[in-house]
Each structure stands twice: as C-alpha cells, then as structure tokens.
Amino acid sequence: MRSITFISALLAFVVLLASMACSRPQPLLPTPTPSPLPPTAAPSPTVTMPPAPTRPGKLQFIGEIKLRALPGVGHNPQAVAVLDGRIYIANRSTNNVSVIEGDEVVAVIAVGAAPIAVAADAETGLVYVANEGEDSISIISGYRGVETVPAPRSPACLAALEGRLYAGGRGENALMVLDGVSGEFIASVPLDASIGVLALAVNSLNDLLYASVYDAVEIVDLKELVVVGRLEREAYLTLGADPSSGRFFVGEYESESSSHYLVAYDALGAQVLGRVLIGRDPRGMAVDANSGRIYVANSWSNDVSIIDGRAWELVATVPVGLRPLDVAVGDRGEVYVVNSGSDNVALVDGRSSHLLHVVPLALLPRGMAVDLSTGRLYVANASTNSIFVVEAGQVVAEIAAGLHPSEVALSSRGDTLSVLNYVGGDLMLISTLDHRVAETVEVGRLPQGLAVVPDGGQLYVSDAVLDADGQRLLRNIELTTIYGTKEKPVKVQVDPRTGRAYMVAFNGVPGSNGGFIVYVLDLETGEPVRGQVGGLSMTGLVLDPEGGRIYSTAGRFGYFQLIVNDAHNLARVATLGLPKYPAALAYNPATHHIFIYLTHTANPSVEPGVELWVLDSRGLGTVGRFPVSAQVPPYEAESYRFAVDSQRGYVYLADAWRGTVHVMSDVPLPPPPSPIPTYTLTPWPTLTPHPEPTPTVASAVEPSCERAAAPLFERYWSDLGLGCPTDDMQVGPTAEQAFERGYMVWRASDRAIFVFYNDGVWRSYPDQWNEGLLEFSCEVVPPGGLQQPKRGFGWVWCAEKGVKEGLGWATENERGYAGQWQFFERGQMMDSGTRPVIYALFDDGTYREYSTQ
C-alpha cells in the first residue's frame, strides 16, 4: 500500500508554498444595496505568486493554499480585555492570547492550558490570564509573558483594580487576592458558595467587588476584604458594575417566559433600579462609563444588546457572530465582542450601534465550490465574513459576505455564486463577474444545506426551495420524523437524473438512539420517496449521477462505515468498515476515486493519526492512504470540507483547524483489488432474540426452567434467586454515564432510564425528554472537572426528587454501546458499557454488581 507523507509532498511543491506566505489581496466589496458586512477593516496588498506548475502525474498532496497570513492561530476565544490601545483575547483551544492593534492581530502569546478569563490593570500596566486547564494565572507585559502564578482550583474569572488582582474558581468557595505586580498571595476571602465563583466585577467608585456564586451575588469590601452584603439572586455569568454611578448589574432568567433580563441594583443590592429585556443566554458584559451605555454578549442569539444605562432602555440589538461570549469597551468608546464560534472579534461603533468589521483570530474555511469551466475555486471563510477566490493556486480576490458564511454553490453557467450565511440567516446571490450582490434573501435562523439544481431553475436552501434568482419561494420543505416532529436539513444534495433531493437531518428520536439520517424527496413535488439511504449518524454524503451510486459515511458506537446505495432503487449494494472517524467525504467521477478524511478512533488496535484514505468506486479497493500532519480539533463537526475539480484533477480539502486548503492531484489509475473483509464490522446489532444455548447447558444450570440464562449472565445467575428467565437475551442501543456516586443507563427498547446508586439501590424512570426541549433541563453550573447531564439523563437528574442529590455530578460524557439484557421472574440482568461488570437488578429495588474480568 502506497503512503506519501505530507512533508514530502510539500517539498515536491515548495515553490507554491513559499509564494503563499505573501499577504492577501485587496478585498472586492459588493455594492451597498443590499449591504453586506465588509470582511475586514484594513486593505491588503495583492498576493504575488508564480504561475501554477504543471500538475504531477500521480495521486499525491502537492501543497496547501494559505488564504491570508496571520502571526498565529487563535481558536475558541473566550474573553477580552483592553489596555493601552491593545486588545487581548484569550483563546481556549489553542492555549494562547491574541493581541490586536488597530484592525489586525499583531502578536500571539503562549499561555497555560485552556485560558478562560482575562483582565487588565492600568496601574500595573499588566494583563492577567486565568488558565483553567492547569490552575494558573499568566501575567503578560506588552507582547510577552513575564510570570505564571498559582490560581484557585478551576479558575473561571478575574478582576483587577489599583494594583491588586482578584481571582475566583469553580473549585473553591473563596476569593483569592494577589499582588498585581509580583503575583504573590495576599489573602483569601471566604464566600458563602456551594459550587465556587463564576463571575467577578469591581467598582472603583465605592471599592466594592461583586462575586457571582450562582444562587447569589456576594459583595466584598476591597479595603477591609470582608463580605458586606449578599443579593439572593441566581446571577450565573452576566455581572458588571458602573464606576460612574456605583450601580451593579446582574443577568437574570425568567423561566415563565423563557426570557433573559439585565437588572440594575444599588451598590449593596438593596433596591432594584431597572430591568430590561436582553438576548438569549447572556454571558460577558461591559459598561462605558463615559456614555453610560451597557453592552451584553448573548451567546445563544448571536448578538449584543446595547442599553442606555441612564434612560434604562434597550437601544439596539446587533448581530455579531457565532456564540459571542465577552465584550469590552476601548478608550474611544469602541466596542470589542469576542465570537467564540466564529474565531473573530467584532468591532461595533458604540455611537451608531453598527457593526463596523471583524478581526479574524484564525482562518475558518468552510464550504467550497469549483467552477469546472475555469478552475476557479471559491472558499467561504467564516472568520472574515468573506469569500476567497483562488486561481491557479493563488488568492486573487476577496468578496465580502454576510455573518459567518458557511456554504457556497455555483449556478450551472458559473455566473452566480450563492452564499449561505449561517449566523446572518440569509442567502446572498453574487455575480462572479463583478462580485456585486444581486440579491439577499432571509432564510431563517442558522440555516444549513445549499444546493443548485442544474438547469432546473431551483435553489435548495435549508428548508426552502427558491427559484434560481432567489426572488420567489417555490415551496417549503417538511422533513417529518417517526414522531411527527419537523426537522431542518444540515446537508443537501440533488440528483437531476433521478429527480431526487437527498437531505441529511436529525431523525427525531430522543436519547442515544437519535442521529442524522438521509431523507429522500422528489425534486418536482417535494414529496418523500420511499427507501433508505445510508445509515444512522451520517457524517458525509456524495452522489455519482453518472455511475448511479450514492456514497455516504456514518459512525455509531465507535464503529464507522462507508455505505453504497443504488441511486435508482435506493438499495444498499455495499458496506465497508472504516478504521477511524470519517470527518469528510468526496467523489471524483473522472477517476472513480472516493476520498475519505479519517481523523480519530478509540480502538487501541488501530494506529492513531489523521489520514486521507482514497478508494476506487469500482470495487472499493484501496488506492492509497496518505498521512496528514494535522491535529484533530476539539470541536470537529464540520471542520473539514472537500471540493473536487474533476476537469483538472485537483481535490481541495478545507482544514478549519489549520486555516488552510490542502491540495491533492488526482489521476486515473487501474482499479485495485477489492478488499477482503478486514473492516466489515457491523456497528448496529441485529435486534433479534439471542440464540438459545444447547439443552445440555440449560439443564445443567436450572432443569426446571423452560428457558436458559444467556451465556453472558449464566455464571452469576444460578445463585442470585432471580428465578427462571422469562425471555431470551435482548440486544439494543444503550447508553451509560458515570456520576460521583453511581451510574445512569438508558435503554432504547423500552425508553427507560435506570439509576444505580453506590449504596446498592436502583430506580427506573421513563425517558420523557424529546427533541425540541432544552438539552439541559435545569440551570446549574458544575464544579471544575465535573459535568451536568443532558437530554434524557438530564431530565431525570433535574426533575426526579433525590436523583441529583443521590448521584452527584456526572464525571464523564455518556457512552453509547450495544447493550445486552435479560428478564427473569424476580428481576433482570444487564451489562455495563463503561466498566467490565454485570448488573443484577432485583424487584425489591436493590442490585448487585459482578466483575466479568
């Protein structure tokens, strides 16, 4: 099997790579009507590159396209602070801090693991970063780190004032006070808290500090370092103070209306001074002491609430990006908003309440499209709100788009580029000739799925079908689940030859048996087409109209598959097991090659490492496996996308973690031998009764029983007193989650949730969680290193009396597995998916565990 390393491929194309380190071109902005957002503020010089070399005559990586030069990569930004005209951003996933001056990142500083909070002190001239992953605080001066000091356990928040640093953590019920210059410990102020400190705010006017401890706000006198007041309100993460008036502000949730409010209190919390409606799931906030305006970052509604703090009214709501978490005000009243999901910082004009531009902390290439007539490549980049245009391996233009563009598609003539803006909730139709916006159409919240019907005059956009000009709605799409609920697609593919649309969407099944499946619709009528394509938990879908095949990838319970369906009758014609998670999928009809980007696996027998696996569709034989020097991102979903230039033999892979586009040359090759069944594991068990043991085994254990205990349970059952089996062993989708003081198990067959307490008591509850309900059934904040259960487990944990108190917090994520169980006259037995044990459940509500090792 041929293996070509990524480094050797780059050396073969060193001229191309060297040229791509140059600066980006001047963006081409569309006309102001309709008005898109400019991608960045500062203009850029033109990229200078040599002509693209002749394509190598073999299948190999030949380089990567760098869309723009940055001094470093900052993923998953969490917090922002301003000092001396510089903006400091803590990036949790890359363990660093980006420094912005003007309208660009000028430096990236390494700090500790998982930085989550940042504060600055004008008196010391220093910046402080709380590193949640290693319980430390990094101290920064200018562009360099100068010191690292201990922090509270699981540090979550910082505040700095007049030479002192204040730190709170989820693992300690106290406020830590440090010297702002040396970082030396000064004092610890005990707080009346149960799960640590979640947020801090200081008020220089009255020397008070406010600490959110979830169910209250503790008020600390900074001169005496004693608690002088307590506001009994569930404050959570939104907390701020006004140094001009002495007031402080708390974000509060009203469960009756499912609304969030910002509430103003007097300095000691004795009186409510005002209450105003804000966006969904508010996080960080900032106060402009000069203008009196207040800014709140709303992570669920992807916007910023701007409030007139003097008139106490909402001035504006400004969409900014995906999952804004924090906000800060500059010296001239400029407002900086950290968008954790878009990897950028949005700059808002505090006076006009308009979004001016964004500054990318990393590049996030998402959807791509290739013009087969010209070879031109269009790359949607979410962090710059723009589309990069690439010709012959070089960026030649940058087109402004809306908020967080995620998908692009070309018209059949190549004269119109459709751009789907995920956060903006709209579709832009842009001329590829002059890059002007011809039309902008609102398509709903967080749309996904975009496809053009060639020569059909239709655009499939999320759950709607538009005419080719985007000016008329032809029909809405309804994907109905087995429960009658409606789902919206996340991926769309169309096949004009068979007259069908294939849409990937959630199946509507609650709990661990839920997942993405393929819905098949008639292109002309929009009616469902009978038949099943792919499997459960889909990760990729591509079509081969000429060959009459549908290729899809899926992953379930740690097993991964490539599935092949007939495009005409939808019958499954082949299944091939995959060794690792298939993060992206592509097909080149000119070479019959299937490209699968494999990232990770929990199977210890499979060699770790990211690779590109290339198969031949004429027998699923392996053409090549190409290792890729890449890190698997912590938020992998949709981190990789393919585009194929079948006319010129190029395959493009957008890598959102590295912020580049990998380029591979693809050439026709003789089909390799079909694979032997090495990876033909079946990830879903057959839901039929387990075969009965031989009569001799059954009679040796319990001669009077008509049925035998399954071999898995037999050795433990005979002495338990459970009685005879009442049914054969069953197998089906199951999930388990570990807690501080026990376990929870979900079983799909009877939608039951079992709770096992460490004292030997078990209880069962019906799974009442359904899709459409909140993932988390109650608002609580777990201590550092622990988790709140969600979905079905979370419903029982929050709603059923005594479960939360008895189990404690979850200690890890739930794990799905193919569970096995059997019923007996006086109870049942089942296996565990997280430990090598068997549970024996008795009808009196007690249970025992038996090790299978």
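The values are calculated or read from the model by the stated rules, or taken from the named source; none is laboratory data. Remember, it's a predicted structure, so these values are computed and weren't measured experimentally. When we count neighbours, we look across all protein chains shown, and the Cβ atoms used for this are built from the backbone with ideal geometry, even at glycine. Each accessible area value is taken on the protein alone, full model and side chains, heavy atoms only, with ligands, DNA and RNA left out. Shrake-Rupley method; radii C 1.70, N 1.55, O 1.52, S 1.80 Å.
Roughly to the nearest percent, how much of the accessible area of region 361-453 is carbon and sulfur, given a 1.4 Å probe?
Details: 1140 of 2490 Å².
Percent of accessible area from carbon and sulfur atoms in region 361-453: 46.
Report the one residue of HIS75, GLY456, TYR817 whose Cα lies farthest in the direction of the positive end of the charge dipole of the chain (charges on C-beta: Lys and Arg +1, Asp and Glu -1; origin at the Cα centre).
GLY456
Between ASP719 and LYS801, what is the FRET efficiency for a Förster distance of 35 Å, r being their Cβ-Cβ separation, to the nearest 0.05? Mind showing how you got there, number by number?
Working: r = 35 Å, r/R0 = 0.99.
After rounding, the FRET efficiency stands at 0.50.
Enumerate the amide H contacts of VAL146 below 5 Å, restricted to partners 5 or more residues apart or on another chain; note that Pro and chain-start residues carry no placed amide H.
Under 5 Å from the amide H of VAL146: ILE139, ILE140, SER141.
So between GLU849 and ARG530, what do we pick up on full extension, going 0.36 nm a residue minus the alpha carbon distance? Mind dumping the intermediate values first?
Numbers: separation 319, 0.36 × 319 = 114.84 nm, distance 4.56 nm.
Extra length available between GLU849 and ARG530 comes to 110.3 nm.
Excluding same-chain residues fewer than 8 positions from LYS790, which lysines have a Cα within less than 23 Å of its Cα?
Result set, ordered by chain and number: LYS486, LYS488, LYS801, LYS804.
Explain nothing, just the number: dipole magnitude of the chain about its Cα centre with +1 on each Lys and Arg Cβ and -1 on each Asp and Glu Cβ, in debye rounded to the nearest 20. Please list the in-between numbers first.
Working: 60 positive and 92 negative charges, 424 e Å.
About 2040 debye.
Nothing charged except the Cβ atoms of Lys and Arg (+1) and of Asp and Glu (-1): what's the magnitude of the dipole of region 751-795 about its Cα centre? Round to the nearest 20 debye.
Values: 4 positive and 5 negative charges, 21 e Å.
That gives a dipole near 100 debye.
Among 580-588, 489-497, how do they line up from the highest to the lowest mean number of other beta-carbon atoms within 10 Å? Show your work: numbers first, answer last.
Numbers: 580-588: 22.3, 489-497: 20.0.
Order by mean packing, descending: 580-588, 489-497.
Ignoring ligands, DNA and RNA, please state the percent of accessible area on region 192-333 from carbon and sulfur, probe 1.4 Å.
Numbers: 2500 of 5550 Å².
It is 45 percent, rounded to a whole number.
Could you check the simple spin-label distance between GLU224 and ASN290, using points 7 Å along Cα→Cβ, in nm with one decimal?
Reported label-point gap for GLU224 and ASN290 is 3.6 nm.
Ranked highest first by the average count of other Cβ atoms within 10 Å around their residues, in what order do 438-449, 799-810, 315-326 fall?
On the way: 438-449: 17.8, 799-810: 16.1, 315-326: 22.2.
Averaged packing, sorted descending, gives the order 315-326, 438-449, 799-810.
Given 0.36 nm per residue, what is the gain on full extension from ASP103 to ALA69 after removing their alpha carbon distance, in nm? It would help to have the intermediate numbers written out before the result.
Numbers: separation 34, 0.36 × 34 = 12.24 nm, distance 1.41 nm.
Once the chain is fully extended between ASP103 and ALA69, it gains 10.8 nm.
As I understand it, the dipole of the chain uses +1 on the Cβ of Lys and Arg and -1 on the Cβ of Asp and Glu, about the Cα centre. Which of LEU222, LEU585, SER188 lies farthest toward its positive end?
Positive-most Cα among the choices belongs to LEU585.
Would you calculate, for the chain, the mean residue ellipticity at 222 nm contributed by helices, counting each DSSP H stretch of 4 or more residues as -39,500 (n - 2.57) and dividing by all residues, to the nearest 500? Walk me through the numbers on the way to the answer.
Working: 6 runs with 40 residues, N = 853.
Helix-only estimate at 222 nm: -1000 deg cm²/dmol.
If amide hydrogens are placed 1.01 Å from N in the peptide plane, which non-local residues have theirs closer than 5 Å to the one on GLN768?
none
What residues from region 251-269 fall in the zone where the backbone N is under 12 Å from a label point 7 Å along the Cα-to-C-beta line of ASP207?
none
Positive end of the dipole of the chain, charges at C-beta (+1 Lys, Arg; -1 Asp, Glu), about the Cα centre: which of SER674, VAL803, PRO243 has its Cα farthest in that direction?
The residue sitting farthest along the positive end of the dipole is SER674.
Say each of GLU740 and GLU812 gets a label point 7 Å from the Cα, pointing the same way as Cα to Cβ; how far apart are those two points in nm?
Placing both labels 7 Å beyond Cα along the Cβ direction yields 1.9 nm.
List the residues whose amide H sits under 5 Å from the amide H of VAL623, counting only those 5 or more places along or on another chain, with H placed 1.01 Å from N in the peptide plane.
Long-range HN contacts for VAL623: VAL614, LEU615, ASP616.
Reported to two decimal places, what Rg/Rh ratio describes region 114-192 when computed on Cα atoms with Rh from the Kirkwood expression?
On the way: Rg = 11.3 Å, Rh = 12.1 Å.
Radius of gyration relative to Kirkwood radius: 0.93.
If you keep only loop residues by DSSP, which trypsin sites (Lys or Arg not before Pro) in region 240-319 have at most 15 other Cβ atoms within 10 Å of their Cβ?
Working: sites: ARG247, ARG275, ARG280, ARG283, ARG293, ARG310; in loops: ARG247, ARG280, ARG310.
Passing both the DSSP loop test and the Cβ count: ARG280, ARG310.
When ranked by the protection proxy of mean other Cβ atoms within 10 Å per residue, highest first, what sequence do the peptides 595-607, 385-397 form?
Numbers: 595-607: 16.4, 385-397: 22.3.
Result, highest mean first: 385-397, 595-607.
If each of ASP727 and GLU123 carries a label point 7 Å out from its Cα toward its Cβ, how far apart are those two points in nm?
That separation, rounded to one decimal, is 7.0 nm.
How much solvent-accessible surface does PHE756 expose, in Å² to the nearest 10, with a 1.4 Å probe and all protein chains in place?
Estimated to the nearest 10 Å², PHE756 gives 0 Å².
Determine, at each q value in 0.06, 0.09 (inverse angstroms), the log₁₀ of I(q)/I(0) that the Debye formula gives when each Cα of the chain is one equal point scatterer.
Each listed q corresponds, in turn, to -0.45, -1.01.
Please state the charge dipole magnitude for region 191-271, taken about the Cα centre, from unit charges on C-beta atoms (+1 on K and R, -1 on D and E), reported in debye and rounded to the nearest 20. Let's see the in-between values first.
Values: 4 positive and 13 negative charges, 43 e Å.
So the magnitude is around 200 debye.
Could you calculate the FRET efficiency of ARG275 with PHE776 from 1/(1 + (r/R0)^6), where r is the beta carbon distance between them and R0 is 30 Å, rounded to 0.05?
Values: r = 25 Å, r/R0 = 0.82.
The formula returns an efficiency of 0.75 here.
Counting only heavy atoms of the protein chains, get the accessible area per residue of the chain (1.4 Å probe) and round it to a whole Å² value.
Counting only protein heavy atoms, the per-residue value for the chain is 40 Å².
In whole Å, what is the distance between the alpha-carbon centres of region 119-179 and region 250-276?
28
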